[in-house]
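Novice: This is the structure, below, for whatever I ask next.
Any read-out appearing in this document is the output of simple, stated calculations on the displayed coordinates, not a laboratory observation. Predicted model, so just to flag it, every value in this text is computed and none were measured. Counting neighbours? That spans all protein chains shown, and the Cβs are built from the backbone with ideal geometry, glycine included.
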Amino acid sequence: MLKFLGSRAIASAISLVGLILLVFFLSRLTGDPTGLYLPLDASEESRNQFREIHGLNDPLLIQFFNYLGDLVRLDFGESIRRSEPAIDVVLRGFGWTLQLAVVTMSLVVVFSIILGSLAAFHVGGVFDRIATFFSLIGASAPDFWIAIVAIVIFSVNLGWVPTSGTGTVWHWILPVSVLFIRPFGLILQIVRGSMITALSSAYVKTARAKGIKNKAIIFVHALRNALLPVITVIGDQAAALLNGAVVVETIFGFPGVGKLMIDSILQRDFTVVMAAIMLTATAIFVMNLVIDILYSILDPRIRY
Amino acid sequence: MNRKIHLLLASALATNVAFGVAAQENSVTVVLSEELEIVEPCSATKSNVGRVLFQNISETVTEMDPNTGLQPRLAESWEDMGNGTWRFTLRPDVTFSDGTDMRTDDVAHSLVRMKSPDIACEIGAKFFGGIEITTNIIDEYTIDVTASPAQPILPMLMSTVTVTPSDTPLDSFVDHPIGTGPYTFDEYIRGESITLNANPNYWGEQPTVQSATYVFRGDSAVRAAMVAAGEADIAPNIALQDATDDALDFSYPNSETLFLRIEHAQEPLNDRRVREALSLAVDREAFVGTILANGTLLATGMTPPSTIGYNRDLAPYPFDPERARELLAEAAADGVAIETEITLIGRTNNFANVLETMEALLAMYQDVGFNMKLEMVEVAEWLERYAKPFPEDRGPQLIQAQHDNANGDPVFSMYFKYHSDGQQSGLLDPNVDAMIVDATAATGDERAAKWSELFTYLHEESIADVMLFHMVGFSRVNERLDFTPSIRTNSELQLSQIQFN
């Protein structure tokens, strides 16, 4: 296992270096940020001073090696837009995104596994119909539309929850609910399909013949074997959330890393873009490692 | 179990009640469209920064009021000493929120700081570009400020200068602004909110609003919903489609002028008949009340009607496609290459319905015979095409732009937009250059007359740009407030002017 973890860490480090190279040069292709930060009327002298302050007058290769040199000392540079260390800006946003992702995915996993298993046990039954309903909504309704409609109904008309913001636990209800729908619908269907296969297998029939209760058959015997494909999809969906839920963050005023990344790209705030992508990539590498470990726990036949 | 349910319901009810009374007496919540990247007084002319800091935290030397003209603020009076020097006399007994007295050395330091090469101050770059400022402190309350070249409107320019204490660093932005204003900057929770509280030591009258919280929401519909739900009191900037409640929504001229910039050196745009055809081909009236808001004015000049010298006698070009076709035919007969493809460039997200506006303009131009294509570009790419140095091999272009001038004087616009050396000018016209220099140097009625003359020349003789509209903005205001948004709301929001109903 340790050897496997080591090789995965090395592969991840190589990917990260490739990512740094790619993002550094691609982001510079978008152009000079000077015009975005100085007034339209700024003189050429002011523009030159601005470029000098931010090291933009150096040749691109020099800028890259300077950046790498700083990176070795864990100095991610300063945000042009916010005049503070880029890593501080990113960590602040990533904290929000991580909380949102963890809360949402925890609820998604619990509810999709329970409802998906019940739907598979009675195909065409009431749970199956509920599962299909949610899956359809998740697949067909765009996040921003659900979010705005939810605000109008639950905040403006009914006054049950705040429209947006982050002050109390009630502020989390709408954003988490909106984020919940899409991965819930998808994972629900994966659980359902995987469970239908598992429930029709020979060992389940044997368990039934032995008189084991349905609850134990579903949640102890069948579910464990049905979870492998589910874990893969959970990993994909969690990675998407870690990248930031831009629409939800924008609408509900959650200061997460997704909106930060988009804003930073548009504002050519290169240091923040780099720091955000590196942090997110690292988080996704770690999560993939965890998923690999989970595989081996769920299925002892898998050995690394 | 029942007890748990009761607890849950009670808790929900309590929170629900709490939302209803979120707006506390004597405090207001303002919802802005984006978070402040910096809280720096020397960049308080940026609209979102200005709505928090300008005249709330940081006060200016003088104050420009669109209705009453130039007014005293930190300076009680000013006097022209000749040779580009103006003497300002400050109010006594003004203190900063850190308790120190405000004196002339603070004003001198603020003027140096806004031009500091180590920080990119918006005010220094925008209003004092190409102007050298020197100061001479006469005493604690009297200071001479000299501009080179001489600026007859220096007192007006001083209405942009925010005063900070003399120990404010010259090489970095501040993250906790100290000012003399009616409020103190108390807390900034990054990504969430900013809180201001009334300054108990303010030199002027204590404001009615005792505290203000600013929150940030990127989506206009959410900002409008927050006011409707009672979670916020003012949303200074909402989209046309969200301004649906007559009791809450106000429209006001937002000081932005929409136009198409023409670069006169490029064929066929170098021909006056082609430029006239561009103006005649647009059915301006058709936009108002459809894809642009009711109340939008047809423009004849670059600045809004509230600026001095605005020529109200000028009429917008009528919609006359027949005449436009005739002009193009005449130009073609004289060998002008009217078949050359012209690129119409729009800036994405510049204002509500910008794409629809640009598509309608394209259709109108194609209808009269222009060979034209539309490109919508992001702000960064737009800037590269809009400001000098212009890209090589660009070909003829019409660039959609909005220009904001709420300062009351065309000088803030004309040099950059129309002088041959202007950063965004599409003109190379010595007549215009001379007229700008003359008007800039003039004062009083003569100044207004000279600006008026320039507006006429640009509109009727040169046909410098395709002037389109003076735009309106929308704000949503909670009914508990006695506050009417105005042209100033586009760039500032003076909390001390807000009362409660």
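Novice: Give the lysines reachable from A:Lys215 as a straight Cα distance under 18 Å; neighbours fewer than 8 places away on the same chain don't count.
Specialist: A:Lys205
Novice: Pull up all non-local amide H partners of B:Phe216: gap of 5 or more, or a different chain, and H-to-H distance under 5 Å with H placed in the peptide plane.
Specialist: For B:Phe216, whose amide H was placed from the backbone, the distant partners under 5 Å are B:Leu32.
Novice: Step through the residues of the stretch B:184-190 one at a time and calculate ³J(HN,Hα) from phi using the Karplus curve (6.51 cos²θ - 1.76 cosθ + 1.60, θ = phi - 60°), rounding each to whole Hz and writing x for Gly and Pro.
Specialist: Each residue's phi maps through the Karplus curve to give 10, 8, 9, 8, 10, 8, 3 Hz.
Novice: Oh, and also: So if R0 is 56 Å, what FRET efficiency would B:His176 and B:Val377 give, r being the distance between their Cβ atoms, rounded to the nearest 0.05?
Specialist: About 0.90, to the nearest 0.05.
Novice: Past the 19 Å Cα-Cα mark, which pairs from B:Lys126/B:Lys388; B:Lys417/B:Lys450; A:Lys259/B:Lys126; B:Lys373/B:Lys417; B:Lys126/B:Lys417; B:Lys388/B:Lys417?
Specialist: Pairs exceeding the cut-off: A:Lys259/B:Lys126; B:Lys373/B:Lys417.
Novice: Can you list the HN-Hα couplings for the stretch A:207-217, worked out from phi with the Karplus curve (6.51, -1.76, 1.60; θ = phi - 60°), rounded to whole Hz and with x for Gly and Pro?
Specialist: Rounded to whole hertz, the list is 4, 5, 4, 7, x, 5, 5, 3, 4, 5, 4.
Novice: Let me ask something additional. Taking θ = phi - 60°, what integer Hz values does the Karplus form 6.51 cos²θ - 1.76 cosθ + 1.60 yield along the stretch B:54-60, in sequence order, with x for Gly and Pro?
Specialist: Result, ordered by residue: 5, 6, 8, 9, 10, 9, 9 Hz.
Novice: Under 8 Å for C-alpha pairs, at least 6 residues apart: give me the relative contact order for chain A, rounded to a whole percent.
Specialist: The normalised contact order for chain A reaches 26 percent.
Novice: Is the shape of the stretch B:327-431 best called rounded, prolate or oblate, per the rule: a/c under 1.5 gives rounded, else a/b larger than b/c gives prolate, else oblate, with a ≥ b ≥ c the square roots of the Cα gyration tensor eigenvalues?
Specialist: oblate
Novice: Additional query: Considering every residue in B:211-221, what mean count of other chain Cβ atoms within 10 Å of its Cβ is obtained?
Specialist: Counting other chains' Cβ atoms within 10 Å and averaging over B:211-221 gives 4.
Novice: Here is a further query. Could you work out the Kirkwood radius for chain B, taking every pair of different alpha carbons, averaging 1/r and inverting it, reported in Å?
Specialist: Result for chain B, one decimal place: 24.6 Å.
Novice: Taking +1 at the Cβ of each Lys and Arg and -1 at the Cβ of each Asp and Glu, which of A:Val290, B:Ala265, B:Phe128 sits farthest along the dipole of the protein assembly as shown towards its positive end, judged by Cα position relative to the Cα centre?
Specialist: It is A:Val290.
Novice: Evaluate Rg over Rh across the protein assembly as shown, taking Cα atoms for both radii and Kirkwood's formula for Rh.
Specialist: 1.02
Novice: Over the residues of the stretch A:2-72, compute the C-alpha Rg and express it relative to 2.2 N^0.38 Å.
Specialist: Relative to the 2.2 N^0.38 Å estimate, the stretch A:2-72 comes out at 1.57.
Novice: Given H placed on each backbone N at 1.01 Å, which residues far from B:Glu375 in sequence or on other chains put an amide H within less than 5 Å of it?
Specialist: For B:Glu375, whose amide H was placed from the backbone, the distant partners under 5 Å are B:Leu344, B:Ile345, B:Gly346.
Novice: Sort B:341-352, B:403-414, A:130-141, B:107-118 for me by packing, meaning the mean count of neighbouring Cβ atoms within 10 Å per residue, highest on top.
Specialist: Packing order, densest peptide first, comes out as B:403-414, B:107-118, B:341-352, A:130-141.
Novice: Counting only residues 5 or more places away or on other chains, whose amide H sits under 5 Å from the amide H of B:Glu63 once H atoms are built in the peptide plane?
Specialist: Excluding prolines and chain starts, which carry no amide H, the hits are B:Gln71, B:Arg73.
Novice: If one puts a single equal scatterer on every Cα of the stretch A:86-298 and applies the Debye formula without solvent, what log₁₀ I(q)/I(0) results at q = 0.13, 0.16 Å⁻¹?
Specialist: The Debye formula, applied to the Cα set alone, gives -0.81, -1.07.
Novice: Tell me whether the stretch B:44-153 comes out rounded, prolate or oblate; compute the Cα gyration tensor, take square roots of the eigenvalues as a ≥ b ≥ c, and use a/c under 1.5 as the rounded threshold.
Specialist: Taking the square roots of the gyration eigenvalues as a ≥ b ≥ c, the stretch B:44-153 is rounded.
Novice: Shifting gears a bit: Farthest toward the dipole's positive end in chain B, which of B:Leu493, B:Met102, B:Leu314, given Cβ charges of +1 (Lys, Arg) and -1 (Asp, Glu) about the Cα centre?
Specialist: Most positive-ward Cα: B:Leu493.
Novice: Sorting check: for B:224-233, B:480-489, which peptide has the highest mean count of neighbouring beta carbons within 10 Å, and how do the rest follow?
Specialist: In decreasing order of mean packing, B:224-233, B:480-489 become B:224-233, B:480-489.
Novice: Hey, can you rank A:74-83, A:198-207, B:173-182 by average C-beta count inside 10 Å, highest first?
Specialist: Result, highest mean first: B:173-182, A:74-83, A:198-207.
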